[in-house]
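Visitor: The structure's right below; bear with me while I get my questions together.
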Amino acid sequence: MKNIAIIGASGFVGSALLKEALNRGHRVTAIVRNPEKITLNHPNLTIKKGDVMIADSVEDLLKGCDTVISAFNPGWSNPMVYRDTQKAYSFIFEGAKKAGIKRIIIVGGVGSLFINGTRLIDMGVAEETILPGAKSLAALLYSLQKDEKELDWVFFSPAANIVFGERTGKFRLGKDDLITDSEGKSYISVEDYALAMIDEIENPQHHFERFTIGY
C-alpha cells in the first residue's frame, strides 16, 4: 500500500486516477481547490483543500505521503496558462522536497511527443487555444530533463486523444514517440491511462524520464 497525494484529483484525469488508486487499495490524499467536487466516500481517502499556486502551503499538503501524482492544470483557456504552469510546478517541486517526497509522477502533455522526428507542437496541428498550455508542459519536461536530479520524476504523456471509455488493460507503452494504431489514430481511455499510472507507482519502470501510452 502506498500513501499517494493526487494534486488536481477532481479533474478529468485526476478523478480517474483517484478512483483507480483507491480501488487498488492505496491511501490517497486528494488535494483540490474545491473539495465539494469530490463526492467519493472511502476509508482510505483524505481530502485536503489547497492551492499549489500558494508556495508556502505545498509542503503541509504533501506531508505524510510517499508519492505524488500531479494532475495540475491551471485551465487550458487561462490566458496565463504558461506562466501559471511554470510557477505552480516550481512550488510543487520545492514543497515536495521539503515534505520528504522522493517520487513524483506528472500528468504530462502530448505536444512534446514526436512523429517522425518532429514534435506535435511544431506540426501546426494543435488548436491555438491549447497551444500555450502544450508549450508550457513541453518546457516543463525539458527543464526536468536538464535540471532535476533530486526528485525521482516521471512525465507520463497520454495519447493525442484521451477520452472517457473502458478500463481494458490492453495498451502499448512507449517513450518519446506518439503511439498510433494501425489506422494512424492516437488515443487512450482515461481509465487505461489511470491504470498504467498506478501500475508505474506499484512497480516503477521509469526514472527521470518521460513515457507515453496508446492503443
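The values are calculated or read from the model by the stated rules, or taken from the named source; none is laboratory data. Since we're looking at a predicted model, the values are computed, not measured. FYI the Cβ positions are ideal-geometry reconstructions off the backbone, even for glycines, and counts take in every protein chain you see.
Visitor: Which one of these does SER157 not meet: (1) modelled with pLDDT under 95; (2) surrounded by 17 or more Cβ atoms within 10 Å (Cβ to Cβ)?
Guide: Going through (1) modelled with pLDDT under 95; (2) surrounded by 17 or more Cβ atoms within 10 Å (Cβ to Cβ) one by one, SER157 breaks only (1).
Visitor: May I pose another question? What's the total number of residues in segment 1-43 that are touching a Cys at 6+ places or on another chain (Cβ under 7 Å), touching a residue at least 60 places away in the same chain (Cβ under 8 Å) and not aliphatic (A, V, I, L, M)?
Guide: Going residue by residue through segment 1-43, those that are touching a Cys at 6+ places or on another chain (Cβ under 7 Å) are 3-5, 29.
When the remaining residues are screened for being touching a residue at least 60 places away in the same chain (Cβ under 8 Å), the result is 3-5.
Retained after the next criterion (residues that are not aliphatic (A, V, I, L, M)): 3.
Number of matching residues: 1.
Visitor: Another question about this same structure. Take segment 186-215 and flag every residue that is in a strand (DSSP E or B) and among the β-branched types (Val, Ile, Thr).
Guide: Correct list: ILE188, THR212, ILE213.
Visitor: Please enumerate the residues belonging to segment 192-214 that are of a type in the set (Phe, Trp, Tyr), under 22 Å from LYS102 (Cβ atoms) and within 14 Å of the chain's Cα centre (by Cα).
Guide: Listed by number, the list holds a single entry, PHE211.
Visitor: In addition: Output the number of residues of segment 100-140 satisfying the condition of being surrounded by fewer than 21 Cβ atoms within 10 Å (Cβ to Cβ), touching a residue at least 60 places away in the same chain (Cβ under 8 Å) and in contact with a Phe, Trp or Tyr (Cβ under 9 Å, 6 or more places away or on another chain).
Guide: So the count comes out to 1.
Visitor: Next up: When you go through GLY95, GLY14, GLY64 one by one, which is the residue that is crowded, with 19+ Cβ neighbours inside 10 Å and farther than 27 Å from ILE188 by Cβ?
Guide: The conditions single out GLY95.
Visitor: While we're here: Please find, among ILE188, ILE198, ILE213, the residue that is under 22 Å from LEU137 (Cα atoms), surrounded by 15 or more Cβ atoms within 10 Å (Cβ to Cβ) and in contact (Cβ under 8 Å) with a residue 60 or more places away in the chain.
Guide: So the residue among ILE188, ILE198, ILE213 that is under 22 Å from LEU137 (Cα atoms), surrounded by 15 or more Cβ atoms within 10 Å (Cβ to Cβ) and in contact (Cβ under 8 Å) with a residue 60 or more places away in the chain is ILE198.
Visitor: Looking at segment 63-78, is at least one residue aliphatic (A, V, I, L, M), outside any loop (DSSP other than H, G, I, E, B) and touching a strand residue (DSSP E or B) at 6+ places or on another chain (Cβ under 9 Å)?
Guide: The answer is yes, given that some residue of segment 63-78 is aliphatic (A, V, I, L, M), outside any loop (DSSP other than H, G, I, E, B) and touching a strand residue (DSSP E or B) at 6+ places or on another chain (Cβ under 9 Å).
Visitor: Out of all the residues in segment 168-185, which are part of a loop (DSSP other than H, G, I, E, B) and surrounded by fewer than 16 Cβ atoms within 10 Å (Cβ to Cβ)?
Guide: Scanning segment 168-185 gives THR168, GLY169, LYS170, LYS175, ASP176, ASP181, SER182, GLU183, GLY184, LYS185.
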